[in-house]
Amino acid sequence: MTPSKRSRWPLWLALVLLCLGLLVPRLLQEGLGKNEATASWGGGDAKAEPSAIAAAEPSKARSASTREEASPAPLATVPARRAGGRLMKAFEVMEATRTKRIERITKQTSEGPVDAYLLGIDPPDAEQIAEARALITQAMAEVDPASREELDERIEELVDTYDLLGKIGKRAAIVNVPHDPEGRTYAMVVPCQDYEAQVALLDPPDGRLELQDPVFYSPSQGQPLTRFSAIIKAWNEDDAAKAEGR
């Protein structure tokens, strides 16, 4: 190597070092930039997923809430005994609207004095028959399917008791209410075409009743006889008011 070449060596080396000094940081920066971009992309997705889920969850909740509001909740089933009890009370009220007072007397019996009430019961009209059918349909829909047979048997009994379909026609009811608070109230219901003709049977001279196909109703298991009770109560209240001159 000549002296002239030795004198140029430092300049060449300086240029190489300068180039390396400029290129290496740039390469390092680009490499780090790719890693950061990769990390940012992966992290961005990882961060975006929870936000997307969080954004989707209220939408799902709103959709579920909308469906719940749109779809009515299923009706809770009613025990057959309770459904039958409701029907009986409803039919008692319906019967009361077509029942009229005929006669009341006080008679002596072996168990003491008794107030005998004669009531006339008209058969239901088409409107009441339709109402009774609707109540029965509703009750059958409310009970559990396994209990419908039990309720159906109860309904058959109620149809006969209250003549809900008007097949029996006019009937008379004789309700005996003892003066003794411990006595038992009972009623007899008989088919008839003339209510007034039954008045003589309230207190027959020979003490015997000659009724055709009478049906007796009395309290069961210590419960009071509720049928006709509202009518008799109103009857007594009206008589008391008349006696007081009101």
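The values are calculated or read from the model by the stated rules, or taken from the named source; none is laboratory data. Being a predicted model, the structure only gives us computed values, none of them experimental. Virtual Cβ from ideal backbone geometry, glycine too; neighbours counted across all protein chains shown. Note: areas computed on protein heavy atoms with side chains; ligands, DNA, RNA excluded. Shrake-Rupley method; radii C 1.70, N 1.55, O 1.52, S 1.80 Å.
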**OP:** Could you grab me the full set of residues in the stretch 185-199 that are open to solvent by 70 Å² or more (accessible area, probe 1.4 Å), free of Cβ contacts under 8 Å to residues at least 60 places away in the same chain and more than 35 Å from the chain's Cα centre (by Cα)?
**Re:** Gln193, Asp194
Subject >> Among (1) in contact with a helix residue (DSSP H, G or I) (Cβ under 7 Å, 6 or more places away or on another chain); (2) small (Gly, Ala, Ser); (3) touching a residue at least 60 places away in the same chain (Cβ under 8 Å); (4) farther than 21 Å from Thr226 by Cα, the one test that Gly112 misses >> reply: (1)
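Among the residues of the stretch 84-108, what is the count of those that are open to solvent by 80 Å² or more (accessible area, probe 1.4 Å) and charged (D, E, K, R)? Spell out how you get there, then give the answer.
So in the stretch 84-108, the residues open to solvent by 80 Å² or more (accessible area, probe 1.4 Å) come out as 86, 89, 93, 97, 100-101, 104, 106, 108.
If we keep only those that are charged (D, E, K, R) as well, we get 86, 89, 100-101, 104.
Looking only at that region, the number is 5.
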**OP:** Considering only the stretch 130-139, state which residues are without any contact (Cβ under 8 Å) to a residue 24 or more places away in the chain and open to solvent by less than 90 Å² (accessible area, probe 1.4 Å).
**Re:** Ala130, Ala134
**OP:** Residue by residue through the stretch 131-186, note down the ones that are under 30 Å from Leu202 (Cα atoms), at pLDDT 90 or above and among the hydroxyl-bearing types (Ser, Thr, Tyr).
**Re:** Thr161, Tyr162
**OP:** State whether the residues of the stretch 219-229 include one that is in a helix (DSSP H, G or I) and either under 22 Å from Lys107 (Cα atoms) or at pLDDT below 90 (or both).
**Re:** yes
**OP:** Sort out which residues of the stretch 159-179 are open to solvent by less than 90 Å² (accessible area, probe 1.4 Å) and either touching a Lys or Arg at 6+ places or on another chain (Cβ under 7 Å) or of a type outside the set (A, V, I, L, M, F, W, C) (or both), and write them in order of number.
**Re:** Thr161, Tyr162, Asp163, Gly166, Gly169, Lys170, Arg171, Asn176, Pro178
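Residues are listed down the side, and each one gets a yes or a no for (1) closer than 28 Å to Arg86 by Cα; (2) in a helix (DSSP H, G or I):
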position	(1), (2)
Asp160	yes, yes
Met188	yes, no
Asp194	no, no
Gln198	no, yes
Arg208	no, no
Gln212	no, no
Original post:
Does Thr161 meet the test of being among the β-branched types (Val, Ile, Thr) and out of contact with any strand residue (DSSP E or B) (no Cβ under 7 Å at 6 or more places or on another chain)?
Top reply: yes
**OP:** Report whether or not Thr99 is modelled with pLDDT of 95 or more and of a type outside the set (Phe, Trp, Tyr).
**Re:** yes
Original post:
Could you say which residue among Glu127, Glu156, Glu182, Glu149 is more than 32 Å from the chain's Cα centre (by Cα), loosely packed, with under 14 Cβ neighbours inside 10 Å, of a type in the set (D, E, K, R) and on the phi < 0 side of the Ramachandran plot?
Top reply: Glu182
